[in-house]
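Since the structure comes first, as structure tokens, the remarks are kept for the end.
The values are calculated or read from the model by the stated rules, or taken from the named source; none is laboratory data. Computed from a prediction, not measured in an experiment: that's the story for all the values here. Cβ atoms come from the backbone with ideal geometry, glycine included; neighbour counts cover every protein chain shown. In case anyone asks, the SASA skips ligands and DNA or RNA and just uses the protein heavy atoms, side chains included. Shrake-Rupley method; radii C 1.70, N 1.55, O 1.52, S 1.80 Å.
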Amino acid sequence: MVAQNIFFGIIAFVMVVAALRVVTTKNIVHAALYLVIVLAGVAAQFILTGAEFVGVTQILVYIGAVVVLFLFGIMLTRARIGREVEVDNEKRWLAGLVALVLFAVMSFALVDAFEDSRIESVSGGTPQLTSEVSDAIFKDYLIPFEAASFLLLAALIGAIVVARRE
Amino acid sequence: MGDPLYAGGIGLTVVLVTLLKVLVTFVLLLVATMFMVWFERKIVADMQHRIGPNRAGPWGLLQTLADGTKLFFKEDLLPDRADRIVFRLAPVLAVVPAFLAFAIVPIGGNFAEGGTVSMFGRETFLQLADPPVGVLFFLAMSGIGVYGVMLAGWSSGSKYPLLGGVRATAQIVSYEAALGLSLASVILVNGTLSTHQIVAEQAGAGFGGIIPNWNLVVTGVVPAIIFLIAGTAELNRPPFDLVEAEQELVGGFNTEYSSIRFALFFLAEFMNTVTMSALVVTLFLGGPSGPVWGPEPVRTWFFPIFWFLLKLVVFLFVFVWFRGTLPRLRYDQLMDLGWKALIPLALGWFLLLGAVRVARNEGWNLVVTFGAITVVVVVAVTLLNLSLRAAQRQRLADAEVNA
């Protein structure tokens with residue numbers, strides 16, 4: 001696993017730099033593009049651990065759809081080229097606090113769930129099959145999956161209602 | 001599972017065979033793209049009673065090469081108000097995914113005998129890569145390809161390219177849903193995401209030993225038609241070429257581009273056309289499968305590649321035929337077709353195939369199953385129509401209030 005560790009370090013470094021640039025850059029389209037780099041890094045890390053399906057889905061959903069819609073919205077509203085001065089938000093310290101708390105919760109959950117087990121002992125050293133992912137979703141985690149779908153559907157309908165009422 | 005080439009560890013021969021495959025795939029795609037540009041101009045010329053390119057080389061075959069060389073030596077303009085880095089990045093973002101997407105297409109191999117060919121004493125697939133998530137890889141690449149068009153439109157710093165880019169994004173995102181849903185039918189029937197496995201599932205004879213066991217037949221034609229329409233829209237080709245509607249947008253997202261950067265966009269567009277045709281062939285027409293005979297090298301090498309190329313040319317012609325025949329859609333027609341016709345139809349057909357499959361596995365009574373399916377379809381279509389009507393009424397009422 002030495003080669004994987006080295007590449008994990010390289011990709012993680014690129015991701016951290018890009019993530020910092022997302023919030024420090026003065027151009028909103030550039031921020032979205034740095035976000036693409038971060039998300040591509042996540043996909044690369046998934047592929048590095050042998051989770052091909054999750055990695056490709058990450059590209060498909062986040063890079064191919066979510067950020068495209070971000071950019072679409074930006075272009076329809078404020079597609080200025082060059083520096084924008086007023087991109088800083090007054091509540092950025094609060095946002096930083098929320099991010100910190102989220103980071104703490106997620107790292108605690110990860111460490112608590114896996115402790116010091118290694119990747120090859122979890123996956124058996126082989127790439128994860130798509131059927132394993134689907135079996136996990138539709139057998140063990142069916143209720144959380146349906147709950148998440150229901151929540152997303154509600155959010156979708158809510159968004160349409162809000163947009164229609166102007 | 002997987003390419004047998006990599007089963008016995010990685011040695012020098014394996015690396016060399018892989019490099020050779022990379023080279024062949026690259027050259028094949030480039031030559032096919034060059035041929036496609038010439039083919040399109042020639043066929044459209046025939047359809048419009050013109051002669052078309054006939055100066056460079058026999059039948060004008062070298063016209064594309066001449067045009068490419070000319071573009072290469074043109075001045076590379078960078079607009080004053082452009083975002084310099086993104087402006088330079090955009091053509092690359094268009095062309096690289098176009099190249100990568102072709103890597104998962106099986107070009108040859110006799111699938112009645114395992115689909116492998118022998119190369120320097122090694123058994124291997126005649127395709128560059130066979131990832132277990134092959135079909136999703138293609139969708140991911142076409143998703144990244146959007147960035148090229150969109151960023152080109154934005155970074156030019158001018159009005160018409162921006163409009164072209166916004167149109168392109170809306171169109172591609174809309175039709176990607178229909179494309180993915182029609183693909184889901186294929187995945188459901190074949191039970192795999194790998195392109196090699198999908199082709200292997202289609203090998204051999206189907207009903208009565210005459211009709212081929214292709215997904216076109218097995219999935220019941222509808223997904224193939226949806227895939228072809230959504231694919232045409234995804235490629236921004238006529239009749240869905242609102243992105244580069246010359247009368248409205250000067251030239252669309254690439255107005256400000258010149259020289260080799262323009263050539264890269266042009267190349268990406270035609271490469272995507274070739275890849276899309278190759279994917280239609282792979283997913284619905286059995287890829288390289290077809291009748292084979294003769295001794296060893298002819299049977300495993302010549303005939304599968306021949307059938308693949310033949311099917312590919314048929315679909316390339318279909319794309320040119322669309323262009324020569326159909327007028328461009330209006331923007332609202334484009335969105336109506338995508339959201340109100342193709343997506344519900346693709347989703348409904350997917351559920352139908354799923355229901356038939358479950359019924360067959362569980363041994364349910366066929367008559368009752370089909371009765372239930374008919375009732376569900378009628379109810380669903382009625383509900384959809386009612387909701388569309390209600391939305392239209394609402395829109396008209398809103399328009400009256402505003403007027």
Compute the distance from the alpha-carbon center of the range B:355-376 to that of the range B:28-89, in whole Å. 53
Helix-only [θ]222 nm of chain A, DSSP H runs n ≥ 4, -39500 (n - 2.57) each, per residue, nearest 500: -23500 deg cm²/dmol
Dividing the convex hull volume of the Cα atoms of the range B:239-350 by its residue count, what figure in Å³ per residue is obtained? 146
When the convex hull of the C-alpha atoms of the range B:66-125 is computed, what volume per residue in Å³ does it have? 156
Let me check something: with ligands and nucleic acids excluded, how do B:70, B:42, A:91 order by accessible area (1.4 Å probe), largest to smallest? A:91, B:70, B:42
Given a 1.4 Å probe and the protein chains all in place, what does the accessible area of residue A:72 round to, in Å² to the nearest 10? 50
Normalised per residue, the volume of the convex hull around the Cα set of the range B:150-259 (Å³): 136
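Provide the per residue accessible area, probe 1.4 Å, for the protein assembly as shown, rounded to a whole number of square angstrom.
For the protein assembly as shown, the per-residue accessible area is 55 Å².
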Using R₀ = 25 Å, calculate the FRET efficiency as 1/(1 + (r/R₀)^6) where r is the Cβ-Cβ separation of residue B:314 and residue B:335; round to 0.05. 0.25
Evaluate Rg over Rh across the range B:4-351, taking Cα atoms for both radii and Kirkwood's formula for Rh. 0.98
What's the Cα-based Rg to Rh of the range A:1-83, Rh via Kirkwood? 1.06
q = 0.15, 0.20 Å⁻¹: log10 I(q)/I(0) that the Debye formula gives for chain A, counting C-alpha atoms only: -1.20, -1.58
Toy charge model, Lys and Arg Cβ at +1, Asp and Glu Cβ at -1: the protein assembly as shown dipole around Cα centroid in debye, rounded to 20, equals 1300
Going by amide H atoms built from the backbone, whose H comes under 5 Å of the H on residue B:116, apart from near neighbours? B:110
Would you compute, for the Cα atoms of the protein assembly as shown, the largest minus smallest coordinate along each principal axis and list the three values in descending order, in whole Å? 76, 62, 59
Work out the charge dipole of the protein assembly as shown with +1 on the Cβ of Lys and Arg and -1 on the Cβ of Asp and Glu about the Cα centre, then indicate which of B:87, B:60, A:45 is farthest towards its positive end. B:60
In whole Å, what is the distance between the alpha-carbon centres of the range B:168-242 and the range A:103-119? 41
Take the Cα gyration tensor of the range B:157-216, multiply each eigenvalue by 5, square-root it, and list the three semi-axes largest first, rounded to whole angstrom. 39, 11, 10
Computed over the Cα atoms of the range B:5-120, the Rg and Dmax in Å are 20.1, 60
Roughly how many percent of the accessible protein surface of the range B:122-263 is carbon and sulfur, given a 1.4 Å probe and a whole-percent answer? 66
Between B and A, buried accessible area summed over both sides at probe 1.4 Å, in Å² to the nearest 100? 2200
Identify all lysines with a Cα-Cα distance to residue B:311 below 26 Å; exclude those on the same chain that are fewer than 8 residues away in sequence. B:21, B:42
With bins 10 Å wide starting at 0, give me the P(r) of the range B:182-240 over every alpha carbon pair, in whole percents. 22, 44, 27, 7
Two decimals is fine: what is log10 I(q)/I(0) at q = 0.22 Å⁻¹ for the range B:196-302, from a Debye sum with one equal scatterer on every Cα and no solvent? -1.15
About the Cα centre, charge dipole magnitude for the range B:168-320 (Lys/Arg +1, Asp/Glu -1 at Cβ), debye: 520
Roll a 1.4 angstrom probe over the protein heavy atoms and tell me the percent of accessible area of the range B:304-353 that is carbon or sulfur. 78
Could you give the dipole magnitude of chain B about its Cα centre, charging the beta-carbon of Lys and Arg +1 and that of Asp and Glu -1, in debye to the nearest 20? 380
FRET efficiency for residue A:5 and residue B:66, using Cβ-Cβ distance with R0 set to 41 Å, rounded to 0.05: 0.20
With every protein chain present, what accessible area does residue B:331 have (1.4 Å probe, heavy atoms only), rounded to the nearest 10 Å²? 90
